[in-house]
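Data first, discussion second: the structure below is written as structure tokens.
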Amino acid sequence: MGSISVNRRALIKRAGAAGLLTVPAVGALTSCATGGGDENKAEKGEKSAQNPLGVKEDAPLSVYIFNGGYDDEYAKYVEKMYSKAHPEAKVDHKATEKIATQIQPRLVKGDPPDVVNNSGADNMEIGTLVKNKQVADVSELLDAPSWDDPKVKVRDTLVPGVVEMGQFGGKACYQLNIASTVYGLWYSEKMLSETLEAEYPKTWDEMLALCKKAKSKGIAGWTYAGQHPRYVFFGMYSMIAQAGGQKVIKAIDNLEPNAWKDDAVLSVFEAYEELIAKKYILAKSDGLDHVESQTEWTKGNAVFIPNGSWVENEAKDTTPKDFRMTVAAPPGIDAKGKLPATTLYAPPGEPFVVPAKAQNLQGGLEFMRAMFSKQAARNFFKEVSSIPAVKGAIDGLDLSPGVESSQKAIEAAGDNVVIAFFREWYRTLFDDDFNAVAGKFMKGELSPKQATSELQKAFDRVAKDPDVTKVKHAD
């Protein structure tokens, strides 16, 4: 397999009054992977102005949704839109936390569902799906008339970067994300300003001082999902970018030798080691899952939690009305960083794919066309309190505290929004290898040097594996 060369825009800017973001574009790509796999034999319908993708009107549609932080109600709303447009079609809805477990065997047998929300801990690695020609190129959808305005293509309604995140070969696009995800440190503005009488820390020394103050009041500085320790990456990554700049994070994406051993990376692990050594992390955190850690946080037992913007919806049942949920970029190690302390980790998120051998492939594309309408995007926002990936969809709406603070964090970051592309390109390196190393490190079983060395070994393993298609940023 050859390598894929990626030209990536360095700048990420706030777009539109709603604060939707422009993310790095993955430009010209070359690969031995081709879109769509073997020709799909599913019957198609007649194309028309009302049916631009040629959906067979009575063909059943099978939809699989990851039932996690966003639940699945937003998808049911889209299914109702689909049923209204295609009343003869029966829609079969399935929601699960085990996407790969349930879908992968069906892909192998050639009997997959028609559209899949490939998300969660048990997701399918998109690079492998592309390599094995198991997912369809959705370019036909992108070039189709949008649901809202037939004069505007679907691709032109999407926040920049959504299409590029799904490109793995040439102009083909194999997945589309429906949300703009903001990662960082989440906290209660009420706790910070009223209980602790403090401001958000701008440096790591200020963070440690704040954690010390919280500890004196019987409150832990941090908690995290110890059963899913990869969540600590949501705080670490922008700090790594702050300390080392684009050069370091590109080196990590490119699987370069010693990328994880860079001094900038080591300094971030050393910063987290201080939290552990000074017992500023809630003692029982290493045994908590994501929901339990969020509950400890919303109950006021910890000040900060590293998380993504789905947390506002996922923790809504335990969040006090006056909590004032807020997110901010983690503070930099010191003032000598390559990027400012407001540097933010904020990629498009929540991916959808259409299997290449879907019996109703056109229906799967049509479902996604409906999903990227302003109507569905606004409902998504109302259902899950997360920013949709459709331009201008939430203009004029009242924003929840978490979404409003996400917008402010994007604004503060300006051009300095970063994306961990290796998470998309080599999913197991994050879900498995980083998860395992982070778990040991957060328990104090690995030193910063040992942790970064273990991560480098994992990345070197993938770099040397001839069966893994490599993706690289262009120089």
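Checking Glu206 against (1) out of contact with any Cys (no Cβ under 6 Å at 6 or more places or on another chain); (2) buried (at least 16 other Cβ atoms within 10 Å of the Cβ): exactly one of these is not met. Which one?
Looking at each condition in turn, Glu206 falls short on (2).
Scanning for something among the hydrophobic types (A, V, I, L, M, F, W, C) and either over 18 Å from Ala389 (Cβ atoms) or under 18 Å from the mean Cα position of the chain (by Cα) (or both), does region 138-153 turn up at least one residue?
Within region 138-153, not a single residue is among the hydrophobic types (A, V, I, L, M, F, W, C) and either over 18 Å from Ala389 (Cβ atoms) or under 18 Å from the mean Cα position of the chain (by Cα) (or both).
Quick one: is Phe352 of a type in the set (Phe, Trp, Tyr), out of contact with any Lys or Arg (no Cβ under 9 Å at 6 or more places or on another chain) and not in a helix (DSSP H, G or I)?
So Phe352 passes the test.
Okay, residues lined up against (1) closer than 15 Å to Gly364 by Cα; (2) modelled with pLDDT under 95; (3) within 19 Å of the chain's Cα centre (by Cα); (4) outside the structural domain of Asn379 (by TED's automatic domain parsing):
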residue: Glu79; (1), (2), (3), (4): yes, no, no, no
residue: Glu88; (1), (2), (3), (4): no, no, no, no
residue: Thr96; (1), (2), (3), (4): no, no, yes, no
residue: Pro112; (1), (2), (3), (4): yes, no, no, no
residue: Asn117; (1), (2), (3), (4): yes, no, yes, no
residue: Gly127; (1), (2), (3), (4): no, yes, yes, no
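Report whether or not Gln102 is buried (at least 18 other Cβ atoms within 10 Å of the Cβ), in the same structural domain as Lys391 (by TED's automatic domain parsing) and not charged (D, E, K, R).
It is false that Gln102 is buried (at least 18 other Cβ atoms within 10 Å of the Cβ), in the same structural domain as Lys391 (by TED's automatic domain parsing) and not charged (D, E, K, R).
Scan region 346-383 for residues that are under 30 Å from Thr319 (Cβ atoms), buried (at least 24 other Cβ atoms within 10 Å of the Cβ) and of a type outside the set (Gly, Ala, Ser) and jot them down.
Within region 346-383, Pro347, Pro348, Glu350, Phe352, Met371, Phe372, Phe380 meet the criteria.
Taking Val108, is it hydrophobic (A, V, I, L, M, F, W, C), surrounded by 14 or more Cβ atoms within 10 Å (Cβ to Cβ) and under 28 Å from the mean Cα position of the chain (by Cα)?
No.
Quick one: is Lys131 at pLDDT below 95 and basic (Lys, Arg)?
In short, yes.
Would you call Ala438 among the aliphatic types (A, V, I, L, M), buried (at least 17 other Cβ atoms within 10 Å of the Cβ) and under 21 Å from Ala241 (Cβ atoms)?
Against the criterion (among the aliphatic types (A, V, I, L, M), buried (at least 17 other Cβ atoms within 10 Å of the Cβ) and under 21 Å from Ala241 (Cβ atoms)), Ala438 qualifies.
Out of Asp431, Asp467, I need the residue that is within 20 Å of the chain's Cα centre (by Cα) and surrounded by fewer than 20 Cβ atoms within 10 Å (Cβ to Cβ). Which one?
From the options Asp431, Asp467, the qualifying one is Asp431.
Those residues that are among the hydroxyl-bearing types (Ser, Thr, Tyr) and farther than 18 Å from Pro306 by Cβ, I need them from region 388-444; list them, please.
Passing the criteria: Ser400, Tyr426, Thr428.
With respect to Gly363, determine if the residue is in a strand (DSSP E or B) and closer than 30 Å to Ala59 by Cα.
When the stated conditions are applied, Gly363 does not pass them.
Check Val268, Val303 and return the single one that is buried (at least 23 other Cβ atoms within 10 Å of the Cβ), closer than 18 Å to Lys440 by Cα and either assigned by TED's automatic domain parsing to the domain that holds Tyr224 or of a type outside the set (S, T, N, Q) (or both).
From the options Val268, Val303, the qualifying one is Val268.
Which one is surrounded by the most Cβ atoms within 10 Å (Cβ to Cβ), of the residues in region 388-415 that are of a type in the set (S, T, N, Q) and under 17 Å from the mean Cα position of the chain (by Cα)?
So the residue we want is Ser406.
Filter region 313-330 down to the residues that are of a type outside the set (Val, Ile, Thr) and closer than 14 Å to Gln294 by Cα, then identify the one that is modelled with the lowest pLDDT.
The selected residue is Asn313.
The values are calculated or read from the model by the stated rules, or taken from the named source; none is laboratory data. These numbers come from a predicted model, not from an experiment. Note: ideal-geometry Cβ built from the backbone for every residue, glycine included; neighbour counts use all protein chains shown.
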